Each structure stands twice: as structure tokens, then as C-alpha cells.
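The values are calculated or read from the model by the stated rules, or taken from the named source; none is laboratory data. Predicted, not measured: the structure shown is a model, and the values here were computed from it. Here the Cβ positions follow ideal geometry from the backbone for every residue, glycine too, while neighbour counts run over all protein chains shown. These accessible areas exclude ligands, DNA and RNA; they are computed on the full protein's heavy atoms, side chains included. Shrake-Rupley method; radii C 1.70, N 1.55, O 1.52, S 1.80 Å.
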Amino acid sequence: MGTYWGTAELAWRWVMDQVRYDDGWWIPEYPGGDLDLRLRDGMYAGIGGLAHVLAEIRLSREWTAREAELADAITARVQASIGTTSDVTFFNGLGSTVSVLTTLGAPGADAAVARLLELSTPDGWPQDFLDNAEKYLPGARAHDLAVGSAGVLLTAVWARRHGVEGAEELARVAADVLLAEREEAEIGANWRWVPQRFTTNDWHSPNFSHGVAGIAAAFALAGAEFARPDLVQAAVDGAEHLVSLGGTSDGGFLVKTRCPGIEDVRPFSYGWCHGPTGTSLLWPALRHAGVSEVAGVDVADWHRRCLHSIRVSGLPERKYPGFWDNDGRCCGTAGVGDVLLDSGQHTDFALHLADVVVERAVPDGAGVCWRFIEHRNDEPLLPPGIGWMQGAAGIAGFLFHAGRVEQGDLRSVPRMDTWWSLVA
């Protein structure tokens, strides 16, 4: 067994050792900790995320009996909450439900789509996390990919591709909401995660998870899937605005974490959430929709520029406090490496990132885990995370993928946030 797979198996063993059984099968955020009941089903930090590790394992070897039992337990838990949840988000709500159940080949995604339609309003989906009266006005709605309407639209596309009933109607509802939130810009058009009329914030996050990059990607994919040229045009308009916000001076493409910049926030990030790793996914989405150029530049070149910015950023070296203190999927090494492997570009660098992740593994009991750093804390070393986006589960998934690539198997697991960007 190669080093990547060996470490992946040790990490996966550690994750499985953290599973609790006192309220169905669930995982805490970190060993000895807890996880909010509302997050326990989801794929960000909850048990749902382990479905994606199981999908990686399935391309690497046969499941064990306990892994098959885990898949059944995840299915049962996620199915049971569909009729009562009001969370619609990509990572923790009904979007996650559709992703997890389709990944496991389990029934129930149609009920999740029906529930999304039931919860919809003419201006989007209510969200209880927008209740901070100092930041948001009553009735505020989120429209980004991670927690808002664009995530619902992406869910509808994925559901349609899996033959789920109601997907086309859900896409129509989500697209209508997003189109109505268009903000004309000097170049192209912008979509904020929370519209300006609902917030006291004067900044927005333009990259993939919470900004116009992710919203434009969802528009492009929906336009292609449902033969909606108006959605493809919206995607182009959003991409043109994104380009106007970015810089290309080093031969790459970087957009600030927040626009306009904020003094106490570092101007650039490089991960899936706020950096060129996630934003790189916009360009193959546009290509999938038949768009060849944005702002006079081939979309393949914009994609290449994003990956170049990753390559020359200095990661995964921890250059100074606050730069590259995370090895997870959301804003760390595993997320960058997996996107590179999916793209088929800079594979040598992606495997170098896998080497670094292996080196940083911390032995714990019969397995290994990883500890990230928050340099602003009195105790900077964080407890080891367990879940998919910020823990050992997601890192194990990356290492299973790296192990396949090392052996010449270039297959990637298609997921709701990546399927259009895969080379194999």
C-alpha cells in the first residue's frame, strides 16, 4: 500500500473511532466535543460528509461490512430529517441531503427537492442565521452558493442529472429569485450573498463560496442543463464583473477576499472558499455552458490563471502567522490539492501537497489526525477536526484520491460542487 493510501486508511480509522451512537450515528466537531443538533446530518462537519469519503473509498477498494453499515446509518439519519428541516443550505441543509443521498445511491432526494419547493418564497428561502439586527434587516435573504439561493440552484442541477422528480421546477424557482437580485455594475453584473438593501455591510465577498463567482457558476450550469440561454448570459455578466474586480499582474488571477478591502482582513486567500481554488471552478462551468471567452480572454486561460496563482502563492509553506495554517478542504491544503487533481493540471504540485499533508499527520491512538492553527488565539493549536470540510475525513478523501492518481488511475469522484470540472 502506498504512503497516501496508508495515511488515508489511518485517518479514516481515526474518524471511524470518533463516531458516536447515542442519538443515531453522528460525529462531534472534534474528539470529546459536541456538534449542534442542526449540523449533525450535514456534510460540512456532520455525519453526512462521511458519504463523500465512502465514495472515494469505493473507487479505491471494496467497502468493509462496517463501512456498509455506516452508509446505511447515514442514509437513515438524513432521510428521517427531510420533513422537518427548514435549513436549505448546500452544506448543512436540504442541499446537503440531496448530495449525500445521491452519492450513496439511496432514495429520498425527491422528498428533499419537494421540501425545498415547499419552503420557497418569492424572494428566496428564509434563513435563521440572518437574525443579527446590527447587520441584517428583517426579511434578509442569502443568495450565494454555500448558504443561499445559488446553492439551491446547483442542487436542482445535480438533482436533474440524477433523475430526481421536481428538479426542473426547483431550478425555475431558484433562478427567478437570483435573476431578480441582479445588481448592475460598471462592467457586467454583480450578485451579493445578501442584497445591499438587507444589510448594513458595505462590502461583499466575490469569490466562490459566498460571491458572484459561485453564483455565476450555478447560472452557467443551470443554463446548460435546462436550455436557458438567459441564465448563461447572467453567468457571463457575473464573470465579466468578477474579472473587473481581479488582478492579473503576475500572470495569474486573484480577486480580493472582500471588496472593498477591509483593514483587518488579509486581502487574498487561496482556498476553496475565498480564493482562486474555488473560483477556478467558474471557468469550466462556463465552458460546459458553451461560453468560450469572457472579457476577450478564453475561459481556459482564466482557469489556467487561477491555478497559476495557487502554484506561485507560497502554499503550503506557513510563511507567516495566518498564512496557510489549515490543511482541510474548505480553506486548506486538501481542498487545493483535490481541485488540482480534478483538473488534471499541476498534478506534480498536487502530489507535493499530499506529501506535505502526510508529513503533518499527527499520530493519535490507532490512527492519525491533523491540527490546524489559529494564530490569534491564546492557544493557537486547535483540536483535531473530524468532518469533511475541516477535518480528517476530508483530508483522508484527498489522500485516497492522490493514491489513485499516483498509480495512474485518474478517476475523480463527481460531487455536486465539482462534477463539471473533472478530467476523468
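Structural remarks
- Some residue of region 223-233 being within 25 Å of Met389 (Cβ to Cβ), out of contact with any strand residue (DSSP E or B) (no Cβ under 9 Å at 6 or more places or on another chain), of a type in the set (A, V, I, L, M) and open to solvent by 40 Å² or more (accessible area, probe 1.4 Å): no
- Val177 vs. criteria open to solvent by less than 20 Å² (accessible area, probe 1.4 Å) and in contact (Cβ under 8 Å) with a residue 40 or more places away in the chain: yes
- Number of residues in region 73-86 that are within 22 Å of Asp417 (Cα to Cα) and open to solvent by 40 Å² or more (accessible area, probe 1.4 Å): the value is 2.
- Checking each residue of region 14-28 against the condition of being free of Cβ contacts under 8 Å to residues at least 12 places away in the same chain and buried (at least 19 other Cβ atoms within 10 Å of the Cβ) gives no match.
- Selection from region 334-381 of residues that are β-branched (Val, Ile, Thr) and buried (at least 24 other Cβ atoms within 10 Å of the Cβ): Val336, Val339, Val357, Val368
- So Lys319, is it open to solvent by 20 Å² or more (accessible area, probe 1.4 Å), out of contact with any Ser or Thr (no Cβ under 8 Å at 6 or more places or on another chain) and under 15 Å from Ala213 (Cα atoms): no
- Hits in region 395-408 - residues which are in contact (Cβ under 8 Å) with a residue 60 or more places away in the chain and open to solvent by 40 Å² or more (accessible area, probe 1.4 Å): Glu406, Gln407
- Yes/no for Trp125 being among the aromatic types (Phe, Trp, Tyr), under 24 Å from Cys331 (Cβ atoms) and either crowded, with 16+ Cβ neighbours inside 10 Å or within 20 Å of the chain's Cα centre (by Cα) (or both): no
- Residues satisfying the stated conditions in region 327-366, i.e. closer than 21 Å to His303 by Cα and not in a helix (DSSP H, G or I): Arg329, Cys330, Cys331, Gly332, Gly344, Gln345, His346
- Among the residues of region 29-72, those that are at pLDDT 95 or above, among the small types (Gly, Ala, Ser), open to solvent by 20 Å² or more (accessible area, probe 1.4 Å) and in a helix (DSSP H, G or I) comprise Ala65, Ala68.
- Test: residue in region 194-208 that is more than 18 Å from Asp417 (Cβ to Cβ), assigned to a loop (DSSP other than H, G, I, E, B), open to solvent by 20 Å² or more (accessible area, probe 1.4 Å) and among the polar types (S, T, N, Q): yes
- Residue within region 142-158 that is open to solvent by less than 50 Å² (accessible area, probe 1.4 Å), without any contact (Cβ under 8 Å) to a residue 60 or more places away in the chain, over 17 Å from Thr97 (Cα atoms) and not in a helix (DSSP H, G or I) present: yes
- Any hit, region 269-279, residues being part of a helix (DSSP H, G or I), of a type in the set (Ser, Thr, Tyr), modelled with pLDDT of 95 or more and open to solvent by 30 Å² or more (accessible area, probe 1.4 Å): no
- Condition met for Gln390 (part of a loop (DSSP other than H, G, I, E, B) and either of a type in the set (Asp, Glu) or surrounded by fewer than 24 Cβ atoms within 10 Å (Cβ to Cβ) (or both)): no
- The residue that is most open to solvent (accessible area, probe 1.4 Å), counting only those in region 128-141 that are farther than 27 Å from Trp272 by Cβ and of a type in the set (Gly, Ala, Ser), is Ala133.
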